[in-house]
Amino acid sequence: MVGNTEVSIEHVRSVFNDIIQNVNNVITGKQESVELTVLALMCGGHVLLEDVPGVGKTMLARSVSTSTGCSYKRIQFTPDLLPTDVSGVSVYNQSSSTFEFREGPLISQMVLADEINRATPKTQSAMLEAMEEGQITIEGETRLLPSPFMVLATQNPIEYEGTFPLPEAQLDRFLLKIKLGYPDQSTEKDILNAQVMEHPINTLKAVATPKQVLDCQHAVKTIYVDELLKDYIINIVADTRRNNYLSLGSSPRGSLGLFRTSQAFALLRGRDHVIPDDILQLVHPVLEHRLITSPSARMEGQTTNSILSDIIRNLDVPGAQAKGWLKR
(Lines give C-alpha, C1' and ligand atoms only; values in the text may rest on other atoms or scores of the structure.)
Protein backbone atom coordinates (compact mmCIF):
# COMPACT_ATOMS: atom_id res chain seq x y z
CA MET A 1 0.00 0.00 0.00
CA VAL A 2 2.41 2.66 -1.19
CA GLY A 3 2.23 5.36 -3.78
CA ASN A 4 -0.76 7.58 -4.39
CA THR A 5 -2.75 7.92 -1.16
CA GLU A 6 -6.07 8.42 -2.93
CA VAL A 7 -5.67 5.23 -4.96
CA SER A 8 -4.58 3.33 -1.87
CA ILE A 9 -7.58 4.47 0.16
CA GLU A 10 -9.99 3.76 -2.68
CA HIS A 11 -8.58 0.26 -3.12
CA VAL A 12 -8.79 -0.55 0.58
CA ARG A 13 -12.27 0.92 0.84
CA SER A 14 -13.31 -1.30 -2.06
CA VAL A 15 -12.00 -4.40 -0.29
CA PHE A 16 -13.79 -3.30 2.91
CA ASN A 17 -17.09 -2.85 1.13
CA ASP A 18 -16.82 -6.06 -0.90
CA ILE A 19 -16.45 -8.05 2.33
CA ILE A 20 -19.26 -6.17 4.09
CA GLN A 21 -21.69 -6.61 1.20
CA ASN A 22 -20.80 -10.27 0.86
CA VAL A 23 -21.48 -10.88 4.55
CA ASN A 24 -24.78 -8.99 4.21
CA ASN A 25 -25.92 -11.75 1.87
CA VAL A 26 -26.05 -13.99 4.93
CA ILE A 27 -26.60 -11.58 7.83
CA THR A 28 -29.74 -9.61 6.97
CA GLY A 29 -30.58 -6.23 8.48
CA LYS A 30 -27.47 -5.89 10.67
CA GLN A 31 -25.36 -3.48 8.62
CA GLU A 32 -23.76 -1.75 11.62
CA SER A 33 -22.78 -5.02 13.33
CA VAL A 34 -21.30 -6.37 10.10
CA GLU A 35 -19.36 -3.15 9.51
CA LEU A 36 -17.93 -3.20 13.03
CA THR A 37 -16.86 -6.84 12.70
CA VAL A 38 -15.04 -6.22 9.42
CA LEU A 39 -13.58 -3.02 10.85
CA ALA A 40 -12.10 -5.02 13.75
CA LEU A 41 -10.53 -7.43 11.26
CA MET A 42 -8.93 -4.53 9.40
CA CYS A 43 -7.50 -3.30 12.71
CA GLY A 44 -6.07 -6.73 13.54
CA GLY A 45 -8.36 -6.96 16.57
CA HIS A 46 -10.75 -9.48 18.11
CA VAL A 47 -14.52 -9.29 18.53
CA LEU A 48 -16.84 -10.38 21.33
CA LEU A 49 -20.36 -11.05 20.06
CA GLU A 50 -22.78 -11.03 22.98
CA ASP A 51 -26.46 -11.74 22.61
CA VAL A 52 -29.17 -14.33 23.17
CA PRO A 53 -28.97 -17.62 21.22
CA GLY A 54 -30.21 -17.77 17.65
CA VAL A 55 -29.67 -14.17 16.43
CA GLY A 56 -26.81 -14.97 14.03
CA LYS A 57 -23.59 -14.66 16.02
CA THR A 58 -22.07 -17.87 14.67
CA MET A 59 -23.23 -17.15 11.12
CA LEU A 60 -21.59 -13.72 11.26
CA ALA A 61 -18.26 -15.28 12.22
CA ARG A 62 -18.49 -17.94 9.51
CA SER A 63 -19.49 -15.39 6.88
CA VAL A 64 -16.52 -13.12 7.60
CA SER A 65 -14.05 -16.00 7.47
CA THR A 66 -15.51 -17.33 4.21
CA SER A 67 -15.58 -13.87 2.61
CA THR A 68 -11.89 -13.28 3.34
CA GLY A 69 -10.65 -16.73 2.31
CA CYS A 70 -9.03 -17.21 5.72
CA SER A 71 -8.56 -20.63 7.30
CA TYR A 72 -11.29 -21.18 9.87
CA LYS A 73 -11.75 -23.35 12.93
CA ARG A 74 -14.45 -23.50 15.56
CA ILE A 75 -14.09 -24.22 19.27
CA GLN A 76 -17.23 -25.18 21.17
CA PHE A 77 -16.55 -24.08 24.73
CA THR A 78 -18.02 -26.31 27.45
CA PRO A 79 -17.36 -26.64 31.19
CA ASP A 80 -15.24 -29.79 30.67
CA LEU A 81 -13.01 -28.28 27.94
CA LEU A 82 -9.29 -28.28 28.84
CA PRO A 83 -6.66 -25.68 27.82
CA THR A 84 -4.85 -28.32 25.73
CA ASP A 85 -8.10 -28.95 23.82
CA VAL A 86 -7.83 -25.35 22.63
CA SER A 87 -4.12 -24.84 21.97
CA GLY A 88 -2.90 -28.36 21.20
CA VAL A 89 -0.84 -31.02 22.92
CA SER A 90 2.32 -33.09 22.40
CA VAL A 91 1.59 -36.79 22.03
CA TYR A 92 4.17 -39.58 22.29
CA ASN A 93 4.53 -41.58 19.07
CA GLN A 94 5.61 -45.10 19.98
CA SER A 95 6.73 -46.04 16.46
CA SER A 96 9.17 -43.12 16.18
CA SER A 97 9.88 -42.81 19.93
CA THR A 98 9.32 -39.05 19.72
CA PHE A 99 6.75 -36.54 20.85
CA GLU A 100 4.60 -35.05 18.09
CA PHE A 101 2.67 -31.83 18.43
CA ARG A 102 -1.00 -32.03 17.49
CA GLU A 103 -2.42 -28.61 16.71
CA GLY A 104 -5.47 -27.38 18.52
CA PRO A 105 -8.23 -25.43 16.79
CA LEU A 106 -6.69 -22.18 18.03
CA ILE A 107 -4.05 -22.47 15.31
CA SER A 108 -5.98 -20.92 12.44
CA GLN A 109 -6.33 -17.51 10.81
CA MET A 110 -9.89 -17.08 12.03
CA VAL A 111 -11.14 -18.78 15.16
CA LEU A 112 -14.76 -18.94 16.30
CA ALA A 113 -14.79 -19.33 20.07
CA ASP A 114 -18.42 -20.36 20.45
CA GLU A 115 -20.10 -19.71 23.82
CA ILE A 116 -16.74 -18.81 25.35
CA ASN A 117 -18.27 -18.03 28.72
CA ARG A 118 -19.43 -21.64 29.19
CA ALA A 119 -15.83 -22.74 29.77
CA THR A 120 -14.05 -22.47 33.10
CA PRO A 121 -11.72 -19.48 33.70
CA LYS A 122 -8.69 -21.78 33.40
CA THR A 123 -9.62 -22.74 29.85
CA GLN A 124 -10.64 -19.19 28.95
CA SER A 125 -7.17 -18.02 29.97
CA ALA A 126 -5.62 -20.31 27.33
CA MET A 127 -6.69 -17.64 24.81
CA LEU A 128 -4.83 -14.72 26.43
CA GLU A 129 -1.38 -15.08 24.88
CA ALA A 130 -2.81 -15.90 21.46
CA MET A 131 -5.09 -12.87 21.40
CA GLU A 132 -2.45 -10.40 22.57
CA GLU A 133 0.72 -11.64 20.90
CA GLY A 134 -0.38 -13.86 18.02
CA GLN A 135 1.49 -16.83 19.46
CA ILE A 136 1.06 -19.69 21.92
CA THR A 137 3.56 -21.29 24.27
CA ILE A 138 3.20 -25.02 24.85
CA GLU A 139 5.63 -26.96 27.05
CA GLY A 140 8.14 -24.13 26.81
CA GLU A 141 8.03 -23.89 23.02
CA THR A 142 6.58 -20.78 21.37
CA ARG A 143 4.62 -21.22 18.17
CA LEU A 144 3.55 -18.32 15.97
CA LEU A 145 -0.06 -18.25 14.83
CA PRO A 146 -0.93 -17.69 11.16
CA SER A 147 -1.52 -14.15 9.94
CA PRO A 148 -3.98 -12.51 9.83
CA PHE A 149 -5.27 -13.89 13.12
CA MET A 150 -8.66 -13.04 14.59
CA VAL A 151 -10.80 -14.46 17.37
CA LEU A 152 -14.55 -14.02 17.06
CA ALA A 153 -15.99 -15.11 20.38
CA THR A 154 -19.69 -15.53 21.09
CA GLN A 155 -21.17 -15.44 24.54
CA ASN A 156 -24.62 -15.63 26.03
CA PRO A 157 -25.68 -12.89 28.45
CA ILE A 158 -24.11 -13.56 31.83
CA GLU A 159 -27.45 -14.13 33.55
CA TYR A 160 -27.92 -17.31 31.51
CA GLU A 161 -27.50 -20.54 33.48
CA GLY A 162 -24.18 -22.37 33.15
CA THR A 163 -22.04 -19.34 32.25
CA PHE A 164 -18.77 -18.12 33.78
CA PRO A 165 -17.91 -14.39 33.66
CA LEU A 166 -14.95 -13.63 31.42
CA PRO A 167 -11.94 -12.31 33.38
CA GLU A 168 -11.27 -8.58 33.03
CA ALA A 169 -7.87 -9.36 31.47
CA GLN A 170 -9.55 -11.33 28.70
CA LEU A 171 -12.36 -8.85 28.10
CA ASP A 172 -9.72 -6.16 27.67
CA ARG A 173 -8.17 -8.11 24.80
CA PHE A 174 -11.30 -7.83 22.70
CA LEU A 175 -11.15 -4.75 20.50
CA LEU A 176 -14.94 -4.50 20.16
CA LYS A 177 -18.01 -5.87 21.84
CA ILE A 178 -20.97 -6.14 19.47
CA LYS A 179 -24.62 -7.00 20.05
CA LEU A 180 -26.84 -8.13 17.19
CA GLY A 181 -30.32 -7.97 18.70
CA TYR A 182 -33.55 -9.38 17.32
CA PRO A 183 -34.48 -8.51 13.72
CA ASP A 184 -37.61 -6.51 13.06
CA GLN A 185 -40.58 -8.36 11.56
CA SER A 186 -39.87 -7.29 7.99
CA THR A 187 -36.25 -8.41 8.23
CA GLU A 188 -37.29 -11.68 9.80
CA LYS A 189 -39.55 -12.37 6.83
CA ASP A 190 -36.60 -11.68 4.51
CA ILE A 191 -34.60 -14.25 6.50
CA LEU A 192 -37.35 -16.84 6.00
CA ASN A 193 -37.52 -16.17 2.27
CA ALA A 194 -33.72 -16.39 1.91
CA GLN A 195 -33.68 -19.87 3.42
CA VAL A 196 -36.54 -21.54 1.57
CA MET A 197 -34.20 -24.03 -0.14
CA GLU A 198 -30.87 -23.73 1.67
CA HIS A 199 -28.89 -21.45 3.96
CA PRO A 200 -27.09 -18.59 2.13
CA ILE A 201 -23.84 -19.53 3.92
CA ASN A 202 -23.67 -22.68 1.77
CA THR A 203 -23.23 -20.67 -1.43
CA LEU A 204 -21.09 -17.85 -0.04
CA LYS A 205 -17.79 -17.30 -1.86
CA ALA A 206 -14.58 -15.49 -0.93
CA VAL A 207 -14.34 -11.92 -2.23
CA ALA A 208 -10.92 -11.14 -0.73
CA THR A 209 -7.70 -12.93 0.20
CA PRO A 210 -5.70 -13.05 3.44
CA LYS A 211 -2.99 -11.02 1.67
CA GLN A 212 -5.51 -8.27 0.89
CA VAL A 213 -6.59 -8.27 4.54
CA LEU A 214 -2.97 -7.78 5.63
CA ASP A 215 -2.57 -4.95 3.09
CA CYS A 216 -5.70 -3.31 4.49
CA GLN A 217 -4.38 -3.63 8.05
CA HIS A 218 -1.23 -1.81 6.95
CA ALA A 219 -3.21 0.91 5.16
CA VAL A 220 -5.34 1.61 8.24
CA LYS A 221 -2.20 2.60 10.16
CA THR A 222 -1.40 5.32 7.62
CA ILE A 223 -4.60 7.31 8.29
CA TYR A 224 -3.78 10.68 9.87
CA VAL A 225 -4.94 11.48 13.42
CA ASP A 226 -4.49 15.06 14.60
CA GLU A 227 -2.86 15.73 17.97
CA LEU A 228 -6.08 17.34 19.23
CA LEU A 229 -7.98 14.14 18.44
CA LYS A 230 -5.36 12.04 20.23
CA ASP A 231 -5.88 14.26 23.27
CA TYR A 232 -9.65 13.83 22.89
CA ILE A 233 -9.28 10.03 22.97
CA ILE A 234 -7.02 10.23 26.01
CA ASN A 235 -9.45 12.55 27.81
CA ILE A 236 -12.38 10.18 27.21
CA VAL A 237 -10.42 7.24 28.59
CA ALA A 238 -9.03 9.27 31.51
CA ASP A 239 -12.57 10.28 32.50
CA THR A 240 -13.55 6.61 32.80
CA ARG A 241 -10.78 6.18 35.39
CA ARG A 242 -11.90 9.03 37.61
CA ASN A 243 -15.66 8.59 37.28
CA ASN A 244 -17.34 7.87 40.64
CA TYR A 245 -19.79 5.48 39.01
CA LEU A 246 -17.01 3.22 37.72
CA SER A 247 -14.91 0.95 39.93
CA LEU A 248 -12.73 0.06 36.94
CA GLY A 249 -11.96 2.42 34.07
CA SER A 250 -10.47 1.65 30.69
CA SER A 251 -6.88 0.48 30.31
CA PRO A 252 -4.44 1.97 27.74
CA ARG A 253 -5.67 -0.79 25.40
CA GLY A 254 -8.92 1.16 25.28
CA SER A 255 -7.07 4.28 24.10
CA LEU A 256 -5.19 2.27 21.48
CA GLY A 257 -8.41 0.57 20.39
CA LEU A 258 -10.26 3.86 19.99
CA PHE A 259 -7.30 5.31 18.10
CA ARG A 260 -6.97 2.39 15.67
CA THR A 261 -10.69 1.83 15.05
CA SER A 262 -11.24 5.53 14.32
CA GLN A 263 -8.51 5.26 11.65
CA ALA A 264 -10.27 2.26 10.10
CA PHE A 265 -13.67 3.98 10.29
CA ALA A 266 -12.30 7.06 8.52
CA LEU A 267 -10.82 4.86 5.79
CA LEU A 268 -14.11 3.01 5.39
CA ARG A 269 -15.75 6.40 4.80
CA GLY A 270 -13.14 7.24 2.13
CA ARG A 271 -11.05 9.73 4.13
CA ASP A 272 -7.30 9.86 4.79
CA HIS A 273 -7.82 11.55 8.17
CA VAL A 274 -9.91 11.05 11.30
CA ILE A 275 -12.64 13.47 12.39
CA PRO A 276 -14.29 13.65 15.85
CA ASP A 277 -17.42 11.85 14.65
CA ASP A 278 -15.32 8.77 13.82
CA ILE A 279 -14.26 8.58 17.46
CA LEU A 280 -17.77 9.24 18.79
CA GLN A 281 -19.18 6.42 16.65
CA LEU A 282 -16.82 3.92 18.30
CA VAL A 283 -16.66 4.94 21.96
CA HIS A 284 -19.33 2.49 23.10
CA PRO A 285 -18.30 -0.69 21.25
CA VAL A 286 -14.62 -0.09 22.09
CA LEU A 287 -14.88 0.91 25.75
CA GLU A 288 -18.08 -0.46 27.31
CA HIS A 289 -16.82 -3.99 27.96
CA ARG A 290 -13.66 -2.67 29.62
CA LEU A 291 -15.59 -0.87 32.38
CA ILE A 292 -17.04 -2.11 35.66
CA THR A 293 -19.76 -0.12 37.39
CA SER A 294 -19.55 0.66 41.09
CA PRO A 295 -22.17 -0.60 43.61
CA SER A 296 -23.61 2.92 43.91
CA ALA A 297 -24.04 3.10 40.12
CA ARG A 298 -25.94 -0.19 40.08
CA MET A 299 -28.17 1.00 42.92
CA GLU A 300 -29.02 4.14 40.93
CA GLY A 301 -29.66 2.18 37.73
CA GLN A 302 -26.60 3.54 35.94
CA THR A 303 -25.03 1.37 33.23
CA THR A 304 -21.71 1.52 31.40
CA ASN A 305 -23.68 2.76 28.39
CA SER A 306 -25.26 5.68 30.22
CA ILE A 307 -22.02 6.56 32.04
CA LEU A 308 -20.05 6.68 28.78
CA SER A 309 -22.76 8.83 27.20
CA ASP A 310 -22.45 11.30 30.09
CA ILE A 311 -18.65 11.39 29.75
CA ILE A 312 -18.89 12.18 26.04
CA ARG A 313 -21.59 14.81 26.64
CA ASN A 314 -19.43 16.67 29.16
CA LEU A 315 -16.28 16.79 27.03
CA ASP A 316 -15.62 19.48 24.46
CA VAL A 317 -15.37 18.07 20.94
CA PRO A 318 -12.20 19.30 19.18
CA GLY A 319 -13.08 21.86 16.54
CA ALA A 320 -16.75 21.93 17.55
CA GLN A 321 -16.96 25.74 17.53
CA ALA A 322 -15.27 26.04 14.16
CA LYS A 323 -17.51 23.40 12.62
CA GLY A 324 -20.67 24.57 14.34
CA TRP A 325 -21.12 21.19 16.06
CA LEU A 326 -23.02 20.91 19.29
CA LYS A 327 -21.37 19.85 22.52
CA ARG A 328 -22.19 16.19 22.94
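What the table below lists for this structure:
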| read-out | value |
| --- | --- |
| In region 241-251, residue nearest to the chain's Cα centre (by Cα) [restricted to those that are surrounded by fewer than 23 Cβ atoms within 10 Å (Cβ to Cβ) and in contact (Cβ under 8 Å) with a residue 12 or more places away in the chain] | Ser251 |
| Members of region 106-119 that are in contact with a Gly (Cβ under 7 Å, 6 or more places away or on another chain) and not in a loop (DSSP other than H, G, I, E, B) | Arg118 |
| Evaluation of Pro157 against (1) under 13 Å from the mean Cα position of the chain (by Cα); (2) loosely packed, with under 13 Cβ neighbours inside 10 Å (one fails), failing number | (1) |
| Index of the failed condition, Asp277 passing every other in (1) in contact (Cβ under 8 Å) with a residue 12 or more places away in the chain; (2) under 24 Å from Val12 (Cβ atoms); (3) surrounded by fewer than 18 Cβ atoms within 10 Å (Cβ to Cβ); (4) not hydroxyl-bearing (Ser, Thr, Tyr) | (1) |
| Scope region 137-152; condition surrounded by 13 or more Cβ atoms within 10 Å (Cβ to Cβ) and farther than 23 Å from Arg62 by Cα; matching residues | Ile138, Arg143 |
| Wholly within region 2-103, helices (runs of 4 or more DSSP H) carrying at least 1 residues that are over 25 Å from Tyr224 (Cβ atoms), among the small types (Gly, Ala, Ser) and in contact with a Leu (Cβ under 7 Å, 6 or more places away or on another chain) | 31-42, 57-68, 83-87 |
| Complete set of residues in region 252-274 that are touching a helix residue (DSSP H, G or I) at 6+ places or on another chain (Cβ under 7 Å), assigned to a loop (DSSP other than H, G, I, E, B) and at pLDDT below 95 | Gly270, Asp272 |
| Residue satisfying all of: in region 224-240; without any contact (Cβ under 8 Å) to a residue 40 or more places away in the chain and over 20 Å from Thr304 (Cα atoms); surrounded by the fewest Cβ atoms within 10 Å (Cβ to Cβ) among these | Glu227 |
| Breaking point among (1) surrounded by fewer than 19 Cβ atoms within 10 Å (Cβ to Cβ); (2) on the phi < 0 side of the Ramachandran plot, for Cys216 | (1) |
| Failed condition for Met197, given (1) in a loop (DSSP other than H, G, I, E, B); (2) touching a helix residue (DSSP H, G or I) at 6+ places or on another chain (Cβ under 9 Å) | (2) |
| Selected residue (only one of Thr163, Thr137, Thr187 is β-branched (Val, Ile, Thr), assigned to a loop (DSSP other than H, G, I, E, B) and more than 20 Å from the chain's Cα centre (by Cα)) | Thr163 |
| Any hit, region 120-128, residues being part of a strand (DSSP E or B), modelled with pLDDT of 85 or more and under 19 Å from Leu81 (Cα atoms) | no |
| Residue in region 112-133 that is crowded, with 21+ Cβ neighbours inside 10 Å, within 16 Å of the chain's Cα centre (by Cα), at negative phi and among the β-branched types (Val, Ile, Thr) present | yes |
| Count of region 264-274 residues which are crowded, with 19+ Cβ neighbours inside 10 Å and touching a residue at least 60 places away in the same chain (Cβ under 8 Å) | 4 |
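Each row is one residue, and each column tells you yes or no for (1) out of contact with any helix residue (DSSP H, G or I) (no Cβ under 8 Å at 6 or more places or on another chain); (2) touching a residue at least 24 places away in the same chain (Cβ under 8 Å); (3) within 20 Å of Lys221 (Cβ to Cβ).
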| residue | (1), (2), (3) |
| --- | --- |
| Val15 | no, yes, yes |
| Asn24 | no, no, no |
| Lys30 | no, yes, no |
| Ala40 | no, yes, yes |
| Val47 | no, yes, yes |
| Gly54 | yes, no, no |
| Thr58 | yes, yes, no |
| Gln76 | yes, yes, no |
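The values are calculated or read from the model by the stated rules, or taken from the named source; none is laboratory data. Values in this document were obtained by computation on a predicted structure and should not be read as measured data. When we count neighbours, we look across all protein chains shown, and the Cβ atoms used for this are built from the backbone with ideal geometry, even at glycine.
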